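Here is the structure we will look at.
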């Protein structure tokens, strides 16, 4: 690994302390989901060399057309749409389903370490990572399994808080310095690039209502899981700001189109998808909406990062 990976010693501890302190003060605050107003002309400065880093929410598993079986990556995911709209002359999407922050430095099957795609002349980098670090897959599986045991209660929240501390909130706190390390590594390898951190979309009803058994979480766990998603996005927003990167809100644009909605209205598929997509992931429309959010952020210009 290069020297930009895991800085050690006192500097690393100080940075973790600052990031951790910022998050600690906001751990119980829901992220704002109202997109910021565009300021100034911004311009349409062409981002000719674009690299996309991320996990399955970036890759678009099962969305036609799949172009990488190892990573379940679609050529209709949001980075592909952004690259086409921006008329990128060089585009490399190395997002991979199942990726964690560790896979920025470590190969994932046939997918090389994602950071290896960056060059000093890279113009634009989008990063969407952290969901697998906090355990998205296991959280959904656990809450679905125990939800049937107490469908009107909150067994998932009680499970993750059985020690007296919300373990998912702790997981988000522990992921913050990992995302911080990723962004510092991106800056080191692509020092002139515009860097955007892409948040996660709205998976569950924003008003906290449930839809058991269509989505098999207990009624009381829907607001808990909604708030967990908001906390994750808040952490990403704060770490992006700390690293002078832009943040792309995808929660706001997808609000009201969560996995509880009817097939014609939802942009996130439930645990038994009706459209080609992975369970609890964006479908093609969801990826398109996230692309529009990224494009809108780009059109605001560098001065707003």
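The values are calculated or read from the model by the stated rules, or taken from the named source; none is laboratory data. Every value quoted in this text rests on a predicted model; they were computed, and no experiment measured them. Every residue, glycine as well, gets a Cβ built from its backbone with ideal geometry; the counts of neighbours run over all protein chains shown.
Things worth noting here:
- Here residue 144 clears all of (1) at pLDDT 95 or above; (2) more than 30 Å from residue 170 (Cβ to Cβ); (3) over 21 Å from the mean Cα position of the chain (by Cα) except the condition numbered (2).
- Helices (runs of 4 or more DSSP H) contained in the range 164-265 and holding at least 1 residues surrounded by fewer than 18 Cβ atoms within 10 Å (Cβ to Cβ): 167-189, 221-242
- Residue 83 vs. criteria assigned to a helix (DSSP H, G or I) and either under 21 Å from the mean Cα position of the chain (by Cα) or modelled with pLDDT under 95 (or both): yes
- For the range 109-137, residues that are assigned to a helix (DSSP H, G or I) and out of contact with any strand residue (DSSP E or B) (no Cβ under 7 Å at 6 or more places or on another chain) total 8.
- Search result, residues across the range 108-133 that are touching a helix residue (DSSP H, G or I) at 6+ places or on another chain (Cβ under 9 Å), over 20 Å from residue 49 (Cβ atoms) and free of Cβ contacts under 8 Å to residues at least 40 places away in the same chain: 108
- Residue 34 being modelled with pLDDT of 95 or more, assigned to a loop (DSSP other than H, G, I, E, B) and under 18 Å from residue 197 (Cβ atoms): no
- Flag if residue 103 is under 23 Å from residue 231 (Cα atoms), touching a strand residue (DSSP E or B) at 6+ places or on another chain (Cβ under 9 Å), at pLDDT 95 or above and part of a helix (DSSP H, G or I): yes
- Subset of the range 270-288 that is free of Cβ contacts under 8 Å to residues at least 40 places away in the same chain and farther than 16 Å from residue 72 by Cα - its residue that is nearest to the chain's Cα centre (by Cα): 285
- Verdict on residue 231 being within 21 Å of the chain's Cα centre (by Cα) and in contact (Cβ under 8 Å) with a residue 40 or more places away in the chain: yes
- Residue within the range 134-154 that is out of contact with any helix residue (DSSP H, G or I) (no Cβ under 6 Å at 6 or more places or on another chain), surrounded by fewer than 18 Cβ atoms within 10 Å (Cβ to Cβ) and under 14 Å from residue 99 (Cβ atoms) present: yes
- Complete set of residues in the range 279-305 that are in a helix (DSSP H, G or I), touching a strand residue (DSSP E or B) at 6+ places or on another chain (Cβ under 8 Å) and closer than 15 Å to residue 247 by Cβ: 290, 293, 294, 297, 298, 302, 304
- Check on residue 253, at pLDDT 95 or above and under 28 Å from residue 193 (Cα atoms): yes
- Of all residues in the range 266-278, exactly one satisfies the criterion of being in contact with a strand residue (DSSP E or B) (Cβ under 7 Å, 6 or more places away or on another chain) and assigned to a loop (DSSP other than H, G, I, E, B), namely 267.
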